[in-house]
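Beneath this line is the structure, given in structure tokens, with notes to follow.
Read-outs: derived from the displayed coordinates by stated rules, not from any lab. Note that the structure is a prediction, hence the values are computed from the model and not measured. A quick note on method: Cβ atoms are made from the backbone with ideal geometry, for glycine too, and the neighbour counts reach across all protein chains shown.
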Amino acid sequence: MQHTLKLKKPLAFFDLETTGTNVARDRIVEISIVKALPDGSVEIKTKRINPEMPIPYETSLIHGIYDEDVKDEPTFRQLAKGISQFLDGCDLAGFNCLRFDIPLLVEEFLRIDNDLFEIKNRKFVDAQRIFHQMEPRTLGAAYKFYCEKTLENAHSAEADTIATMEVLCAQVDRYSGVKQINSKGEEFEPIQNDVEVLHEFTNSKIVDFAQRMVINDKGAIVFNFGKNKGQLVTDVLKKEPQYYDWIINNDFPLDTKRKLTEIKLSMSGLFSK
């Protein structure tokens, strides 16, 4: 298998099958990584994982993985070092990966060791965001539209991951040179065969992966949920310091808590009293 992306470093496409959709509580039951290398070659690793918790029956009906299928598989803790090594030096890509797969993978690593999986200096490309901007639909429809193929074995991690890589390659081929108008009325080319450009297009307003905080049109970090939605995080922390404690002590993703703590520490002068 080959790919057509122009890469300066490996781009790891990955997909997770999980016990559910709650980033803070649910666990991985299968991971597939399709690593696209700069020389055009591809490496694939797929592994079932014991989530150390029951898989809800309604979830098993979707991805076809039941408790019996994973009871003898290694835990994420046992596989974490190998997964981290396989992803070392890679940018990350997937389909809806910014909202779900990357946040959940980060949570799994944070439960084990804060330093085992570093996300700084990585680029993130979400083929779903490109698709929804250009041709709003699902992965199966994207595969049919861009690749003119029917997606077999949907909700199989490996099939979905391979399809995502093929979709991104086809998106780059289709939209390279296509111009759009940004919010300032300026013409720009959002899709190029360049991971940095694709990262900016799909990832430009992300602060934490669960998107409890985002970057507004003025480039400032604001809350993206609840009573303080749209308000500057720094303003809220100054006026309502107990809001920080509420988030830290409740069921929010570890990544959200870490990013909020980084913002609070950066304001250390304001918290000196």
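Brief remarks on what is shown
- Of the peptides 122-130, 228-236, the order by per-residue mean of other Cβ atoms within 10 Å, starting with the highest, comes out as 122-130, 228-236.
- Averaging Cα coordinates gives a centre for region 197-273 and one for region 98-141; these two points are 19 Å apart.
- All other residues whose Cβ lies under 15 angstrom from that of Asn203 are scored, Lys and Arg at +1 and Asp and Glu at -1, for a net of -1.
- Taken about its Cα centre, the chain carries a charge dipole of roughly 1120 debye when the Cβ of each Lys and Arg holds +1 and the Cβ of each Asp and Glu holds -1.
- Placing R0 at 22 angstrom, the Cβ-Cβ distance between Arg137 and Ile44 gives a FRET efficiency of 0.30 after rounding to 0.05.
- Among Thr161, Phe223, Leu254 the positive-end extreme of the charge dipole of the chain (Cβ point charges): Phe223
- Axial C-alpha extent at least 20 Å, average Kyte-Doolittle at least -0.5 - helices from the chain (DSSP): 157-175
- Extension gain for Glu196-Phe225 works out to 7.6 nm (0.36 nm per residue, less the C-alpha to C-alpha distance).
- Over 31 Å between alpha carbons, listed pairs Lys47/Lys149; Lys9/Lys205; Lys144/Lys257; Lys35/Lys264; Lys120/Lys218: Lys144/Lys257; Lys35/Lys264
- Cβ-defined net charge surrounding Tyr146, 12 Å radius [Lys, Arg +1; Asp, Glu -1]: 0
- 10 Å Cβ shell holding at most 16 others, DSSP loop, GluC sites (Glu not before Pro): longest site-free stretch of the chain: 187-273
- When the charge dipole of the chain is built from unit charges on Cβ atoms (+1 for Lys and Arg, -1 for Asp and Glu) and taken about the Cα centre, the candidate among Phe209, Thr19, Asn50 whose Cα reaches farthest toward its positive end is Phe209.
- Choice from Asp251, Asp160, Asp88 with maximal GNM fluctuation in the chain (Cα, 10 Å cutoff): Asp251
- Computed lengthening from Arg111 to Lys184, 0.36 nm per intervening residue step minus Cα-Cα distance: 22.1 nm
- FRET E, pair Asp69, Ile119, Förster distance 30 Å, beta-carbon r, rounded to 0.05: 0.50
- The GNM of the chain, with springs linking C-alpha atoms under 10 angstrom apart, assigns the highest mean-square fluctuation among His155, His132, His199 to His132.
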